[in-house]
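A.B. asks: Pasting in a structure now, in structure tokens, and then I'll have a few things to ask.
The values are calculated or read from the model by the stated rules, or taken from the named source; none is laboratory data. Quantities reported herein were computed from a predicted structural model and do not represent experimental measurements. Every residue, glycine as well, gets a Cβ built from its backbone with ideal geometry; the counts of neighbours run over all protein chains shown.
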Amino acid sequence: MKNTCTLLLAMAVVAGGGLICRAAAPQSNKQPANDNAAVGNAPAQHDVAPTQDDVRVQSGLLALYDFQDSTGNVVRDRSGVGEPLDLQIVAPAKVRRTPGALEVRAGGLIRSRKPAAKIINAVRRSGAITIETWLRPANTKTKGPGRIVTLSANGSERNVTLGQERNQYDVRLRTTSTSTNGIPSVSSPKKSLAAKRAHVVYTRDRTGRARIYIDGKQVVEKTVAGATLNWSRAYHLGLGNELSQDRPWLGTFYLVAVYGRDLRSQEVARNFQAGPKLGVRPASVAKAVSPAHQFFETQVAPLLAKHCLECHSTTAKKGELDLSRKESALAGGESGPAIVPGKAEESLLFQSVDSDEMPLDRPALSGQEKALLRRWLDDGADWSLPVIDAAAFKRRRVAKGNWLRRLTVSEYIATVRSAVGVDIAKEALAILPPDIRADGFSNTAYNLTVDLEHIEAYADLAQRIVDKIDVSAFAAKYTSSKKITDKNMRPLIANMGKWILRGPLEEHEVATFRGVSTTVAAAGGNFEEAVRFVLEAMLQSPRFIYRIENQRGDGLPWPVGDYELASRLSYILWGGPPDEQLIKAADAGRLYEQKDVEKQVRRMLQDPRAVERSMQFMAEWLDLNRLQHLAPNAARFPSWDKRLAEDMRTETLEFFKDVAWKQKRPLADLLNAQLTYATPRLAKHYGLKPQAAGLARYDLHDTPSRGGLLTQGSVLTVGGDEASMVARGLFILKDILRGSVADPPPGLDTTPVPTSPGLTQRGIAAERIANGSCGGCHIKFEPLAFGLEKFDGIGAFHERDEHGNKLRDDGKMVFPGGGAAVGYQTSAELMNLLAASEQVQKSLTWKVTQFSLGRPLIEADAPILEKIYRQAQEDGGTYASLMTAIVMSDLVQKTSTEKEP
Amino acid sequence: MKNIRLDRRTALKGMGAIAIGLPLLEEMQVAAAEQATAPPVRAFNVFFGLGIPSPLQAEGFSDVLEPLKPLAKKLLIMRNVDQVRCDAPGINAHYDGASGAFTAEPPDGEARSGGPSIDQVVRKTHYPQGLPPGMAPTIVAGTFFRRSRVGRYVHSYNQDGSVAAAMQESPRRLFQRVFGTYQGKGDDAAVRRRELRRSVLDTVVEQYKFYTGANSPLGAASRARIADHLDRVREYEQRAYAMQGQDSQAPSAPARSELAHGGRADPGGEGIDITLEELTSEWRLLADLYALAIQLDRVRFGSLTFLAAGERIRLTGEYQYEGKTRFLFDDAAQHNATGSKGCSHEWWHQFAMKKKNEALRAHGHMKMREIAYFLQRLDDADSLEPNGKTILENSMITISTESGDGRHANVRRELSGVFHAISGANGRFKTGQILDVGAQGLDVYNTMLAAMGVAQQLGPAETPRKSVEAILA
């Protein structure tokens, strides 16, 4: 996997993190000691090589300028975060550059070429900011204030500005409580600014607490109330002057950094100790991704997966050729080496596809695909993946697009319950269209479409929900007044909306909802009625119906915002919205640090909602809802009682709860745990002696035929009345082992072949596998079901079938992805093999992750999934450890962005 | 102007004789029967925001009031109308003044008037059993962008001080109110709730539009999904709120307004940017529709608002009058300020007799031009009635505003000279004069009511009454 990770690891470095992207990522390539001569009053220890503790704070960093270039008109952003926000020196003659310093003379201005989107977006979301500088003011007379670092448009419109007002530092920050000019400002004490080198940090947290530190020491603290949701998206970053060039600052910059969060005092001290030179590796020197690797992973591997692996995988290995692995691919097959690096024309692989001999009985490669293969072979056949995961590549096209997620029906119900305390389950289940399964789950975002029925239902449900609310009491949580004035209604809407819509409202949203209340007032309505209709509007808002997240940026993964993360955590772990504790943690900026997030996750996993959510996963993964419609042939199964279907569903869910939550066993134990839960009816069906009047736990240690999910009726019934080896084998291949197989050729008669005297299901399967046309694929999955032959179509156990044929449960299987065939003598041995299989454990990781993310996983996710898997296994392989690893991974902590148009 | 003038002839021609909507047919038959004898009793209140400082009223038609001059013979312009009694200390000067317009009462809380408005008192007296079938009891409409406190923009109030009808704040809504089926005789609860839910739906549409727009935080796939959702919401809106009873040949409904409405129209008192073209196009379409509703005898009572009390807009655009450029509006630039401080409202705060007050004068002039536009629509050929007079002449149309000054420094100065004008009400009031009435608004209104044959008097019973004979014909 090492090579596979290269691209992703490089991206992670660029994005400033590892598995836990939101925490500081220790850097391995430490820079030389700081030049104490350049920073006169920096501590002496800067002369020695920095230790780990000296390394600058990286978490939350957005832009970083170290002024290392001594020539040119560009000041490089070396944060390595997102798209570099490089600065342009507007009048080169008015600055002087030396390595590590930039002196601004009269009228100089250094500014970004475009709006500082990554800073603005991050601060709008976080409500917190830090501006850090190493600088030397030229004098103590500059006033205006002179703009040292500014994010603004002109003299009266800004988001934030660090300035010099004679012998004080002055910071103006625009919030919903300050003016568009950021006034009132926060100033350092008089005479705190001197014409000498200094480390100056302004940091402000989400609650409004703003501090200025000089040389590591706090010199002022003040509250700057309000939110930063009103920050303009249009402003550029400027150094040394106002963007309108009328507030010059004179002095020298050594370092400027901007963070999208507040720095704690220890962190400020850490950066002060680190000095003005970088303790982190600049993005510009991050290891570049090999173009050859990239070409293989993005172009060639998908092509091989699409056209070749159906027959030339480790399992099928037709002609003894396995093209899924580097070693076996280079070794070749019966006809000799398939790949001759550097020589496409001599490669059997290319010859066979170029002549359309291959793929056999399948559409030929397009001219473009052939050219691509030729290019790869001619360029040396660089192979950077240890194994080509056909299943991952198969999802590539489907998963394209970053879909926002509509709440599923169950999430909608849970969200209403949490937001307004109303149980709307009955009504919602009755009138909301059910979510349709796609890629194995009904919460797959791309398939969470909307139709008129949804809109009607949302409108109808909004009314019904509000009908059930004591509106006055609900509103009283947010205001003690019943006036319909701006003064009362706007804060009410802002606070109520923040709770119901899972994060702070922007000004335009407050205004929009306020419009509802004014309309009600204009129609003679009172306060209660106004709140009522505002609630109805909120319950139909896109921010309620969907999980809205920022998806725009620079095309690179961005850390998700605090409230976005709060929602991700809650919907993944609970299937519902964040609770008050999570929202408070987001309010306080306490979802940045790994330990803080882990603390929340631990708490959340103790909550009954986490158990409920895990049961939803099980029901989805195994498609347990299918059981509601199970109708076996009554003539063939006269003992079938349709209540058995519900018993089977209950069995599987209670079994899971026992293994995963009560015993906290590794998830793989689901395959061979020797226990189950059954009603007397189901126990009898299984041949067990009923042990209680109702549902009871059964120890299966003395029942060798049963034990584990695959021996439960809920799963065995996937084979239909005929107990189809095909259906059962495909289920195990795809849902337990995460393998893939091509669809059958068009027009193929797939009518199940009935058993007969002398011909069992296994015999029928063996005939298919022996068939040249079918065997290539069927050998991949039918042997997986051999161990289940003794279970009939409704899960009852027999030694002989209805014709008296003796049944078998021995066999051999090959795990997808490779290895030799492994034999087993009994069904129980098969279950033990599966439970011990890394493939099964990884497959469970993928399945749970897919359900958590609500999208199919693709090959680009593979390296992160590998980390999740390893972390979860290290922590015991339990459901809780897996969920923790998932939510702490980049798949949850980061969001992919699309470049701003 | 962008709008195509909608008039009675166009509407009737479009409707045709056969396919005419039943409610309209009924109402017109009723109207025709009534008009054969005498013009119906009608009363409308026309409000404009921010007022005209008393000293400027004194200049007659030479400046701010100039646009009313063509209608001078059909109006009685009243100066020195004292609304000081409407001051409710500690609330809001704009709100107090606006609440006093047409009621002579201070507000009763933030969403109620201290008493009924004159149009509703007349309605109650003359139509105690309700209006004829198919006719809206009251229509309240307006173009405005300041929403906090209802009294700023609603100017028809029931006896108990509650608003007389739901506000129609876009031409499309007013169109539907005029041309759609009107169910029942009164605003019953179900109809009202339905209208409010429609406003909720408007809000929902606004939000979905935001997430499909340029400032959406969403990526392409998600925006497409939200756009799908938006399409479905609109489909739902069409189905749930489709106009019933409208003839297919009736004039097309106005396009959806591009101007901000609802909450977007008032970002917390910070003001909005708007061009003169946008403002007047929207208003004139609304004024046309309201006039048409009167001409078709769809409505006899109600109010129309052109900009709310304490309105905050940052207006831009070249203001022409009679083919000549009179002023270049650019409030924010001229104030050199953004947000609320860059709004036209500030011209009123800065009013001083020693100054030229050019911007204030231009704004005031423009407002009079637009008020005159509406009045002229009731005075054109389509408004001629069997008695040979126009609707403007036959109806009691009262024009008023909130303030006589604007500097908020002195209640007496601010509320003692509030501009008023009335039409003749079929010979009941004097017209063709500018009159210094020097009387309380309460007495003026009560005098008007008495002239309209209304026994009820506004204000507390113990208040001494003083008939303002000077306004009577």
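A.B. asks: Please go through segment B:125-166 and give me each residue that is within 12 Å of chain A (Cβ to nearest Cβ) and small (Gly, Ala, Ser), ordered by number. Spell out the reasoning first.
C.D. replies: Applying the first criterion (within 12 Å of chain A (Cβ to nearest Cβ)) to segment B:125-166 yields B:138, B:140-142, B:144-158, B:160-166.
Within segment B:125-166, B:141, B:142, B:148, B:151, B:156, B:161, B:162, B:164, B:165, B:166 meet the criteria.
A.B. asks: Just one of (1) at pLDDT below 80; (2) over 29 Å from residue B:149 (Cα atoms); (3) within 9 Å of chain A (Cβ to nearest Cβ) trips up residue B:243, so point out which.
C.D. replies: Here residue B:243 meets the rest and fails (3).
A.B. asks: When you scan segment A:710-736, how many residues do you find that are touching a strand residue (DSSP E or B) at 6+ places or on another chain (Cβ under 9 Å) and within 16 Å of residue A:310 (Cα to Cα)?
C.D. replies: Count: 0.
A.B. asks: Could you pull out the residue among A:743, A:699 that is at pLDDT 95 or above and acidic (Asp, Glu)? Show your work before the answer.
C.D. replies: Numbers: A:743 fails: at pLDDT 95 or above.
Result of the check over A:743, A:699: A:699.
A.B. asks: Please enumerate the residues belonging to segment A:434-492 that are under 22 Å from residue A:421 (Cα atoms), charged (D, E, K, R) and outside any helix (DSSP H, G or I).
C.D. replies: Listed by number, the residues that qualify are A:468, A:470, A:477, A:482.
A.B. asks: I'd like to know if segment A:182-199 contains one or more residues that are more than 14 Å from chain B (Cβ to nearest Cβ) and in contact with a helix residue (DSSP H, G or I) (Cβ under 7 Å, 6 or more places away or on another chain).
C.D. replies: Narrowing segment A:182-199 to residues more than 14 Å from chain B (Cβ to nearest Cβ): A:184-199.
Pick out the ones that are also in contact with a helix residue (DSSP H, G or I) (Cβ under 7 Å, 6 or more places away or on another chain) and you get A:199.
Yes.
A.B. asks: Is it the case that residue A:547 is modelled with pLDDT of 95 or more and either in contact with a strand residue (DSSP E or B) (Cβ under 7 Å, 6 or more places away or on another chain) or under 19 Å from residue B:110 (Cβ atoms) (or both)? Steps first, answer last, please.
C.D. replies: On the way: modelled with pLDDT of 95 or more: yes; either in contact with a strand residue (DSSP E or B) (Cβ under 7 Å, 6 or more places away or on another chain) or under 19 Å from residue B:110 (Cβ atoms) (or both): yes.
Yes; evaluated as a whole, the condition is true for this residue.
A.B. asks: Could you please tell me which pairs satisfy a Cβ distance under 9 Å, a separation of 6+ or placement on different chains, a first residue in segment A:344-367 that is modelled with pLDDT under 90, and a second residue that is aromatic (Phe, Trp, Tyr)?
C.D. replies: Here the result reads A:344/A:350; A:344/A:376, each pair linking segment A:344-367 to a residue that is aromatic (Phe, Trp, Tyr).
A.B. asks: Can I ask one more? Do any residues in segment A:768-789 that are part of a helix (DSSP H, G or I) have Cβ atoms under 7 Å from those of residues that are surrounded by fewer than 23 Cβ atoms within 10 Å (Cβ to Cβ) and among the small types (Gly, Ala, Ser), where the two are at least six apart or on different chains, and which pairs are they?
C.D. replies: A:768/A:775; A:769/A:775; A:776/A:316; A:777/A:742; A:779/A:316; A:780/A:316
A.B. asks: Can you tell me which of (1) modelled with pLDDT under 95; (2) surrounded by fewer than 24 Cβ atoms within 10 Å (Cβ to Cβ); (3) closer than 17 Å to residue B:58 by Cβ is the one residue B:409 doesn't meet?
C.D. replies: (3)
A.B. asks: Then there is this: Taking residue A:571, is it more than 7 Å from every other protein chain (Cβ to nearest Cβ), of a type in the set (Ser, Thr, Tyr) and either more than 25 Å from residue A:849 (Cβ to Cβ) or crowded, with 24+ Cβ neighbours inside 10 Å (or both)?
C.D. replies: Working: more than 7 Å from every other protein chain (Cβ to nearest Cβ): yes; of a type in the set (Ser, Thr, Tyr): yes; either more than 25 Å from residue A:849 (Cβ to Cβ) or crowded, with 24+ Cβ neighbours inside 10 Å (or both): yes.
Considered against the rule, which asks whether it is more than 7 Å from every other protein chain (Cβ to nearest Cβ), of a type in the set (Ser, Thr, Tyr) and either more than 25 Å from residue A:849 (Cβ to Cβ) or crowded, with 24+ Cβ neighbours inside 10 Å (or both), residue A:571 comes out as yes.
A.B. asks: Further question: Which of (1) without any contact (Cβ under 8 Å) to a residue 24 or more places away in the chain; (2) crowded, with 24+ Cβ neighbours inside 10 Å; (3) more than 7 Å from chain B (Cβ to nearest Cβ) does residue A:495 not meet, given it meets every other one?
C.D. replies: Condition (2) is where residue A:495 drops out.
A.B. asks: Here's a follow-up. Can you tell me how many residues within segment A:786-809 are touching a strand residue (DSSP E or B) at 6+ places or on another chain (Cβ under 6 Å) and among the charged types (D, E, K, R)?
C.D. replies: Residues in segment A:786-809 being touching a strand residue (DSSP E or B) at 6+ places or on another chain (Cβ under 6 Å) and among the charged types (D, E, K, R): 3 in total.
A.B. asks: When you go through B:76, B:68 one by one, which is the residue that is buried (at least 19 other Cβ atoms within 10 Å of the Cβ), away from chain A (no Cβ under 14 Å) and assigned to a helix (DSSP H, G or I)?
C.D. replies: Values: B:76 fails: assigned to a helix (DSSP H, G or I).
Answer to the check: B:68.
A.B. asks: Which one of these is in contact (Cβ under 8 Å) with a residue 24 or more places away in the chain and over 21 Å from residue A:140 (Cα atoms): A:197, A:206? Before you say what the answer is, go through the steps one by one.
C.D. replies: Numbers: A:197 fails: over 21 Å from residue A:140 (Cα atoms).
The conditions single out A:206.
A.B. asks: When you scan segment B:261-357 for helices (runs of 4 or more DSSP H) that lie fully inside it, which ones turn up with 1 or more residues that are within 13 Å of chain A (Cβ to nearest Cβ)?
C.D. replies: Numbers: elements: B:276-295, B:331-335, B:345-349.
Where helices (runs of 4 or more DSSP H) fall fully within segment B:261-357 and carry at least 1 residues being within 13 Å of chain A (Cβ to nearest Cβ), they are B:331-335.
A.B. asks: Scan segment A:817-829 and give yes if some residue there is β-branched (Val, Ile, Thr) and at pLDDT below 90, otherwise no.
C.D. replies: The first filter runs over segment A:817-829 and keeps only residues β-branched (Val, Ile, Thr), leaving A:822, A:826.
Add one more test, that the residue is at pLDDT below 90, and what stays is A:822.
So far as segment A:817-829 goes, yes, one or more of its residues are β-branched (Val, Ile, Thr) and at pLDDT below 90.
A.B. asks: Quick one: which of B:392, B:435 is crowded, with 21+ Cβ neighbours inside 10 Å and either among the small types (Gly, Ala, Ser) or not in a loop (DSSP other than H, G, I, E, B) (or both)?
C.D. replies: Working: B:435 fails: crowded, with 21+ Cβ neighbours inside 10 Å.
Within the list B:392, B:435, the selection yields B:392.
A.B. asks: Please state which one of A:880, A:860, A:872, A:885 is farther than 29 Å from residue A:662 by Cβ, among the hydrophobic types (A, V, I, L, M, F, W, C) and in a helix (DSSP H, G or I). Explain how you work it out, then say what you get.
C.D. replies: Working: A:880 fails: farther than 29 Å from residue A:662 by Cβ; A:872 fails: farther than 29 Å from residue A:662 by Cβ; A:885 fails: farther than 29 Å from residue A:662 by Cβ.
Criteria check complete, one pass: A:860.
A.B. asks: Let me ask something additional. Within segment A:160-180, which residues are part of a strand (DSSP E or B) and surrounded by fewer than 19 Cβ atoms within 10 Å (Cβ to Cβ)?
C.D. replies: Taking segment A:160-180 as the starting set, the residues that turn out to be part of a strand (DSSP E or B) are A:160-165, A:168-173.
A:165 - this is the single residue of segment A:160-180 that is part of a strand (DSSP E or B) and surrounded by fewer than 19 Cβ atoms within 10 Å (Cβ to Cβ).
A.B. asks: Taking the criterion of being surrounded by 18 or more Cβ atoms within 10 Å (Cβ to Cβ), at pLDDT 60 or above and aliphatic (A, V, I, L, M), would at least one residue in segment B:17-40 satisfy it?
C.D. replies: So far as segment B:17-40 goes, no, none of its residues is surrounded by 18 or more Cβ atoms within 10 Å (Cβ to Cβ), at pLDDT 60 or above and aliphatic (A, V, I, L, M).
A.B. asks: Continuing with the same structure: Where the second residue is acidic (Asp, Glu) and the first is over 19 Å from residue A:593 (Cβ atoms) and lies in segment A:561-582, which pairs have Cβ atoms under 6 Å and are six or more apart or on separate chains?
C.D. replies: These pairs meet every condition: A:575/A:411.
A.B. asks: List every residue pair whose Cβ atoms lie under 6 Å apart, where the two residues are 6 or more positions apart in sequence or sit on different chains, the first residue falls within segment B:211-223 and is within 7 Å of chain A (Cβ to nearest Cβ), and the second residue, located anywhere, is among the hydroxyl-bearing types (Ser, Thr, Tyr) and part of a helix (DSSP H, G or I).
C.D. replies: Every condition considered, the pairs that remain are B:218/B:211.
A.B. asks: Determine which single condition residue A:552 fails, assuming it passes every other condition in (1) more than 10 Å from every other protein chain (Cβ to nearest Cβ); (2) farther than 27 Å from residue B:261 by Cα; (3) of a type in the set (D, E, K, R).
C.D. replies: Here residue A:552 meets the rest and fails (1).
A.B. asks: Determine which single condition residue A:441 fails, assuming it passes every other condition in (1) in contact with an Asp or Glu (Cβ under 9 Å, 6 or more places away or on another chain); (2) of a type in the set (A, V, I, L, M, F, W, C); (3) within 14 Å of chain B (Cβ to nearest Cβ).
C.D. replies: Residue A:441 satisfies all of (1) in contact with an Asp or Glu (Cβ under 9 Å, 6 or more places away or on another chain); (2) of a type in the set (A, V, I, L, M, F, W, C); (3) within 14 Å of chain B (Cβ to nearest Cβ) except (3).
A.B. asks: Inside segment A:653-754, counting only helices (runs of 4 or more DSSP H) that do not spill past its ends, which hold 1 or more residues that are assigned by TED's automatic domain parsing to the domain that holds residue A:795 and within 39 Å of the chain's Cα centre (by Cα)? Step through it out loud before you land on a result.
C.D. replies: Values: elements: A:680-686, A:713-716, A:725-731.
Passing ranges, in order: A:713-716, A:725-731.
A.B. asks: Hey, among the residues in segment A:157-181 that are over 20 Å from residue A:229 (Cβ atoms) and polar (S, T, N, Q), which one's farthest from the other protein chains (Cβ to nearest Cβ)? Lay out the reasoning, then the answer.
C.D. replies: Going through segment A:157-181, the residues over 20 Å from residue A:229 (Cβ atoms) turn out to be A:162-170.
Now narrow it down to the ones that are polar (S, T, N, Q): A:164, A:167-168.
Details: A:164: 25, A:167: 30, A:168: 27 Å.
Of everything passing the filter in segment A:157-181, A:167 is farthest from the other protein chains (Cβ to nearest Cβ).
A.B. asks: I need a count of the residues in segment A:498-514 that are in a helix (DSSP H, G or I), of a type outside the set (D, E, K, R) and away from chain B (no Cβ under 11 Å).
C.D. replies: Initial filter on segment A:498-514 (in a helix (DSSP H, G or I)): A:498-500, A:507-514.
Restricting the remaining residues to those that are of a type outside the set (D, E, K, R) gives A:499-500, A:508, A:510-513.
Remaining after also requiring away from chain B (no Cβ under 11 Å): A:499-500.
Residues in segment A:498-514 being in a helix (DSSP H, G or I), of a type outside the set (D, E, K, R) and away from chain B (no Cβ under 11 Å): 2 in total.
A.B. asks: Hey, which of the strands (runs of 3 or more DSSP E) in segment A:106-159, taking only ones fully inside, have at least 1 residues that are surrounded by fewer than 23 Cβ atoms within 10 Å (Cβ to Cβ) and assigned by TED's automatic domain parsing to the domain that holds residue A:227? Before you say what the answer is, go through the steps one by one.
C.D. replies: On the way: elements: A:110-112, A:129-137, A:146-152.
By residue number, A:110-112, A:129-137.
A.B. asks: Restricting to segment A:515-544, count the residues that are within 21 Å of residue A:501 (Cα to Cα) and either facing chain B (nearest Cβ under 7 Å) or surrounded by fewer than 24 Cβ atoms within 10 Å (Cβ to Cβ) (or both).
C.D. replies: Residues in segment A:515-544 being within 21 Å of residue A:501 (Cα to Cα) and either facing chain B (nearest Cβ under 7 Å) or surrounded by fewer than 24 Cβ atoms within 10 Å (Cβ to Cβ) (or both): 12 in total.
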